Amino acid sequence: MAKKDIKILVGLWVLALVLSALTAWVYEISYNPAVDTHGPDSIVHPITQWISLPASTVAERVRSETTWTIFIIFPFLYGPILTLLYIMTRFSKNRQPTPAPVRENLKLEVAWTTIPALVLIAMAVPAYDVLRYIEAKPTHPDQVVNVTGAQFYWQYELPRYGVVTTDNGGTPTINKETGRAVEEDSWLHLPLHKSVLLNGQSFQVNHAWWVPAFGVKFDVIPGRINTAWFDTKKKGYFKGQCAELCGALHAYMLINVVVEEEKDFYQWVLRKGGTIPAEEEAKVVSLLGADYREKYGPKEAEKPSAPAAAAEPAAAPKAAEAK
Amino acid sequence: MSIATPEKETKGGIVDLDVYTPVDEPLTKTTEHRGILRWLTTVDHKLIGVMYLWFAAFSAVAGGALAGLIRSQLAFPNGIGGKPLMTPEVYNQFIGMHASFMLFGLVIPAFAGFGNYVIPILIGARDMAFPKMNAFAFWILVPSALLLLCSFFFGSTGAGWTAYAPLATKTYSPNIGVDMWIFAVHLAGISSILGAINFIVTISNMRAPGMKWFRMPLFCWATLVTAWLQLVGTPVLAGVLTMLLTDRILDTGFFNPAKGGDPLLYQHLFWFYSHPAVYIMMVPGFGMVSHVMQTFSGRQIFGYKGMVYATAFIGIVGFLVWGHHMFSAGMEPWLRAYFGFMTMIIAVPTGVKIFSWLATLWGGSIRFTTAMMFALGFIALFTIGGISGVFLANVPFDVQVHDTYFVVAHFHYVMFGGAVMTILSALYYWFPKMSGRYLSERIGKVVFWLIFLGMNCTFMPMHWLGIAGMARRIYTYRPEFHSLNLFISFGYLLMLAGGILLFANLFYTLIAKRRTVPNDAWGGNEIQNTLEWMTTSPPPPHNFDRVPKIVPLAYESAHH
Ligand SMILES: [Cu+2]
Ligand SMILES: [Cu+2]
């Protein structure tokens, strides 16, 4: 290869590197931690919000790892395309009437085999670090949620409080006065700054529980219990959706999760007719006062009786939790 | 016949045997019929190849129309004037059918068609090794397509082309259309296996004297590797679909946990075939564009042996990565790490191929014919598909975008940007050889730009949709995704226009144009030196008057 050709090639690939860095930078700055107003009005935020506001450590790590991957892998996107464009302009029949004969170049072949392999290792190392973090499920999670996928709704059980709730998906109706969703109480609620272990199961077909802002997606499959975990790092409403084709109404199997202050979370537990376990009693009293049961618990008349459907799903995950 | 003259032997090329070799009676002697009977009874590899291609064209129309229905639903998820366009049940059937037609009806048969037509000629044979089996392998596709079409009217698979259990079992998909769909895929599988056996035997045994393994043109290598993939992989698909069928009909419970079965087993077996199937649908295209690039750049392929090894390596490792479709399905932690690692490894030989093509073009004298434009477009699009593939090998990222539009974008860049672009490239390249007529280059350019731009408008925004949070296989979506979906549907219209123009030009050329193509349709075959350009266009029934003898080819003379 002529000296000039080598110079041009190096130039093209340096340009590819610069473009990659630029792309990674653009992706990175779309993360804006300053916009941390995940207040009640976040209910109107689009699901795309997760990119600027990942709400768990897993999601944050996936996001920053993506920036690194873009930076290190995109040269192999821009490089070939820039080279191709250059070839098309310089080596057209008009400009180059006679083709040059092909000469073997072993060095070149070795280079374009080993360099991509090394770059892949550079991508794999942090990726496996994140993977290890994802796999390191807490042995003593702050909250355990048994998730059941069904055609076509999600059911959550918080075994510690005996709370069962069903999220029917669909688009929430906003109450104009309070600015909150009418269906809010039927969604999954979680306390802020806590680790959450999810046990997923299904009794009919496969579904996948996916909330992008938590960086969690796991299939729920009949006959097995899959688990996933994340930590709640931001307050607000988080949207997700079933991510495994499960039948006609698959598209309507939306997910809504509320992450709130611990005191609000306990109020929700009490509203849902849950009981506070003895070891959390002191904390709840300090947060809500000694008369929390009377103040926040369901009024006698409207005490919800546990849905009949909950009895069956609740049994299996308990075993998993014990394990 | 313009088989090379003896003096060419000194610089390498293809010459006649010194002594005229009397050949057997032409294999196609029996087919003396005319008109439609000639097609129905033929065992000539060329006619069968052409029928495969028409079959692929028909499937492209069916699959393309289905894509249009899918796109219209997604452009107007709330219906037009308050009236929904289709029910979710029908929509789910459309996505499964679209994939079935495109994969089993278009891509695999199109490659089988080009392979059938060109491979025996490329290796200097007079036909495939088993001509009657060849005909059988084609004709069994016809009931397969009919079953596929009819299954519509009986409620076909609403579980996507993957037909995961338990959704595809009797309880959740009671329609008989699903059984028909399974039979259709079975028949297509039989066709695939028989075709694969035929290619392996033909390429192994019927090469002309002097056509050593490493003198074979790259398309032969590609077809050989593909045939092995089909032979090893397809029986597994047949097995898993049979298990699904017996679960449906005999209640065997292979995938029913209540009966000791496991739904996850279905996914493992299904992807054991369906990941290699990705290469079944890519590797022949790699071979074909290599021919196109050599012809229109005036240079021999750079790193011929590297290309061969890369193809074989892709074929082998392709069997060891299926789990990357199941990262969120639940598996041992080390298994996730393993499948991610192997998937990254596959990127290396794929990169070798892209770099070798670029090195082939560098220093060439490029003629921008339509075939070449499709080949160059292929490099760009396949690079994009390959890079998003590397992202998907990155397990934490994959978990986030699994089953979203990011994946849809990825495999359309591979299947459309890869497979379909190479098929169109090969069509423009070999059509003159097959029909004796040139397709219009001017219209061809328009077709290329419509398809290339339409393809990018359609599939590029899907990357963003997936990362942003749009799941795939959904009938309706959150309002924030509406504008991009409208844009995507517009991109589909561009591709549709390109497709219609292509078909119009194809029919016009076949009906109105005369046969004028010389042996070496594109000129300059002395560089690449492949045999199809040394016989008439179209070739005689027995391909060559004399068995060609291959002497050290330019590949070797240039490199050593
Ligand atoms: Cu679903
Ligand atoms: Cu795969």
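The values are calculated or read from the model by the stated rules, or taken from the named source; none is laboratory data. Keep in mind it's a predicted model, so treat the numbers as computed, not measured. Cβ sites come from the backbone with ideal geometry, for glycine too, and all protein chains shown count toward neighbours. Ligands, DNA and RNA are stripped out before the accessible areas are found, and what is left, the full protein with its side chains, is counted by its heavy atoms. Shrake-Rupley method; radii C 1.70, N 1.55, O 1.52, S 1.80 Å.
Quick rundown of the values:
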{"item": "When residues of the range A:222-263 are limited to those that are in a helix (DSSP H, G or I) and in contact with a Leu (Cβ under 9 Å, 6 or more places away or on another chain), the one nearest to B:GLY96 (Cα to Cα)", "result": "A:GLU262"}
{"item": "Enumeration of residues in the range A:87-105 that are open to solvent by 30 Å² or more (accessible area, probe 1.4 Å), facing another protein chain (nearest Cβ under 9 Å) and not in a loop (DSSP other than H, G, I, E, B)", "result": "A:MET88, A:ARG90"}
{"item": "Helices (runs of 4 or more DSSP H) (entirely within the range B:265-362) containing at least 3 residues that are within 16 Å of ligand 2 (Cβ to nearest atom)", "result": "B:304-317, B:333-361"}
{"item": "Candidates B:GLY124, B:GLY115 - the one that is touching a Lys or Arg at 6+ places or on another chain (Cβ under 7 Å) and not basic (Lys, Arg)", "result": "B:GLY124"}
{"item": "Residues that are within 19 Å of A:THR232 (Cα to Cα) and within 16 Å of ligand 1 (Cβ to nearest atom), drawn from the range A:197-208", "result": "A:GLY200"}
{"item": "Hits in the range A:214-227 - residues which are away from ligand 1 (no atom under 16 Å from the Cβ), buried (at least 24 other Cβ atoms within 10 Å of the Cβ) and within 9 Å of chain B (Cβ to nearest Cβ)", "result": "A:GLY215"}
{"item": "Pairs where the first residue, in the range B:464-484, is under 25 Å from B:GLN93 (Cβ atoms) and the second is within 16 Å of ligand 2 (Cβ to nearest atom) and open to solvent by 20 Å² or more (accessible area, probe 1.4 Å), C-beta under 9 Å, 6+ apart", "result": "B:GLY466/B:VAL407; B:GLY466/B:HIS410; B:GLY466/B:ARG472; B:ARG472/B:VAL407"}
{"item": "Top-ranked residue of the range B:249-264 - restricted to ones that are within 13 Å of chain A (Cβ to nearest Cβ), part of a loop (DSSP other than H, G, I, E, B) and not charged (D, E, K, R), ranked as nearest to ligand 1 (Cβ to nearest atom)", "result": "B:PHE255"}
{"item": "So A:ARG63, is it at pLDDT below 95, in contact with a Pro (Cβ under 7 Å, 6 or more places away or on another chain) and more than 8 Å from chain B (Cβ to nearest Cβ)", "result": "yes"}
{"item": "Subset tally (residues that are in contact with a Ser or Thr (Cβ under 9 Å, 6 or more places away or on another chain) and on the phi < 0 side of the Ramachandran plot) for the range B:296-310", "result": "10"}
{"item": "Residue under evaluation B:ILE123, criteria (1) more than 19 Å from B:VAL142 (Cβ to Cβ); (2) surrounded by fewer than 19 Cβ atoms within 10 Å (Cβ to Cβ), criterion not met", "result": "(2)"}
{"item": "Cβ-Cβ under 8 Å pairs, at least 6 apart or on other chains, the range A:164-178 side at pLDDT 75 or above, far side open to solvent by 80 Å² or more (accessible area, probe 1.4 Å)", "result": "A:VAL164/A:ALA306; A:GLY169/A:TYR252; A:PRO172/A:VAL182; A:THR173/A:VAL182; A:ILE174/A:VAL44; A:ILE174/A:ARG180; A:ILE174/A:VAL182; A:ASN175/A:VAL182"}
{"item": "Output for the range A:264-285, where each listed residue is farther than 13 Å from A:LEU190 by Cα and part of a helix (DSSP H, G or I)", "result": "A:LEU270, A:ARG271, A:ALA278, A:GLU279, A:GLU280, A:GLU281, A:ALA282, A:LYS283, A:VAL284, A:VAL285"}
{"item": "Lone unmet requirement of (1) away from ligand 1 (no atom under 16 Å from the Cβ); (2) more than 23 Å from B:ALA468 (Cβ to Cβ); (3) open to solvent by 30 Å² or more (accessible area, probe 1.4 Å); (4) more than 17 Å from the chain's Cα centre (by Cα) for A:LYS194", "result": "(4)"}
{"item": "Test: residue in the range B:226-248 that is part of a loop (DSSP other than H, G, I, E, B) and closer than 30 Å to B:ASN175 by Cα", "result": "no"}
{"item": "Failed item, numbered, when A:GLU157 is tested on (1) out of contact with any strand residue (DSSP E or B) (no Cβ under 8 Å at 6 or more places or on another chain); (2) crowded, with 22+ Cβ neighbours inside 10 Å; (3) within 26 Å of B:TYR172 (Cα to Cα)", "result": "(1)"}
{"item": "Residue check for B:PHE374: within 16 Å of ligand 2 (Cβ to nearest atom) and either in contact (Cβ under 8 Å) with a residue 60 or more places away in the chain or within 17 Å of B:MET421 (Cβ to Cβ) (or both)", "result": "no"}
{"item": "Any hit, the range A:240-249, residues being touching a strand residue (DSSP E or B) at 6+ places or on another chain (Cβ under 6 Å), farther than 24 Å from B:MET470 by Cβ and either more than 12 Å from ligand 1 (Cβ to nearest atom) or not aliphatic (A, V, I, L, M) (or both)", "result": "no"}
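Each row is one residue, and each column tells you yes or no for (1) within 9 Å of chain A (Cβ to nearest Cβ); (2) modelled with pLDDT of 95 or more.
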{"position": "B:ILE354", "(1), (2)": "yes, yes"}
{"position": "B:GLY363", "(1), (2)": "yes, no"}
{"position": "B:ALA375", "(1), (2)": "no, yes"}
{"position": "B:ILE384", "(1), (2)": "yes, yes"}
{"position": "B:VAL395", "(1), (2)": "yes, no"}
{"position": "B:VAL399", "(1), (2)": "yes, no"}
{"position": "B:VAL407", "(1), (2)": "no, yes"}
{"position": "B:GLY418", "(1), (2)": "no, no"}
